[in-house]
Amino acid sequence: MKELTCIVCPNSCSLKIEKVNDVWVVTENKCKRGEKFAINEMTCPMRTISSTVRTTFPDAPVVPVRVSAEIPKDKIFDVMEEINKVILDKRVKRGYKVISSCLGLNVDVIVTSNILIEKGAIHE
Ligand code: SF4
């Protein structure tokens, strides 16, 4: 029996999961999404990442980014290392891919703000 906190919604339910006759049994979840979350946590835990990348522009030295889909939890540090290597040297819009298919995971790292073009419009 393992106890988990569901992170799917703000209720943060405490769940219990155990394998009974080779089948995962989840209890104390308030909804089916909690059951799915708990089983995924035991078999292939996934997470999303939001972070920032550096730029060469003093008026916006960092811009926010996120991964385009969830990644395996055990790849978080590897993906963060790739994100930390990026230095943006052009003024790009929200949605720009700073990394395509990061580490072959079929997940992109994309810019989530227009701050670079907004600041550029003011200063250029
Ligand atoms: S079990 Fe359902 S209600 Fe509870 S935190 Fe998870 S998603 Fe929310």
Given the criteria exposed (fewer than 11 other Cβ atoms within 10 Å of the Cβ), over 30 Å from Leu4 (Cβ atoms) and acidic (Asp, Glu), does Asp22 qualify?
no
What number of residues within the range 97-124 satisfy the criterion of being surrounded by 12 or more Cβ atoms within 10 Å (Cβ to Cβ) and either touching a helix residue (DSSP H, G or I) at 6+ places or on another chain (Cβ under 9 Å) or on the phi > 0 side of the Ramachandran plot (or both)?
9
Mind checking which residues of the range 91-105 are outside any strand (DSSP E or B) and touching a residue at least 12 places away in the same chain (Cβ under 8 Å)?
Arg91, Val92, Lys93, Arg94, Gly95, Tyr96, Cys102, Leu103, Leu105
For the range 17-74, which positions are more than 18 Å from the chain's Cα centre (by Cα), away from the ligand (no atom under 16 Å from the Cβ), in a strand (DSSP E or B) and of a type in the set (S, T, N, Q)?
Thr55
Filter result for Pro58 (loosely packed, with under 11 Cβ neighbours inside 10 Å, out of contact with any Pro (no Cβ under 7 Å at 6 or more places or on another chain) and more than 27 Å from Gly120 (Cα to Cα)):
no
Which residue pairs have Cβ atoms under 6 Å apart, sit 6 or more places apart or on different chains, and have a first residue in the range 25-42 that is closer than 23 Å to Ile71 by Cβ and a second that is within 6 Å of the ligand (Cβ to nearest atom)?
Arg33/Val8; Gly34/Cys6; Gly34/Cys13; Glu35/Asn29; Phe37/Cys6; Phe37/Val8
Output the residue which, of all residues in the range 8-17 that are out of contact with any Asp or Glu (no Cβ under 9 Å at 6 or more places or on another chain) and either at positive phi or hydrophobic (A, V, I, L, M, F, W, C) (or both), is surrounded by the most Cβ atoms within 10 Å (Cβ to Cβ).
Val8
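No lab work stands behind these numbers, since they all come straight from the coordinates. Note that the coordinates shown come from a computational prediction; the quantities given were computed from them, not determined experimentally. Note that we place each Cβ from the backbone using ideal geometry, even for glycine, and neighbour counts take in every protein chain shown.
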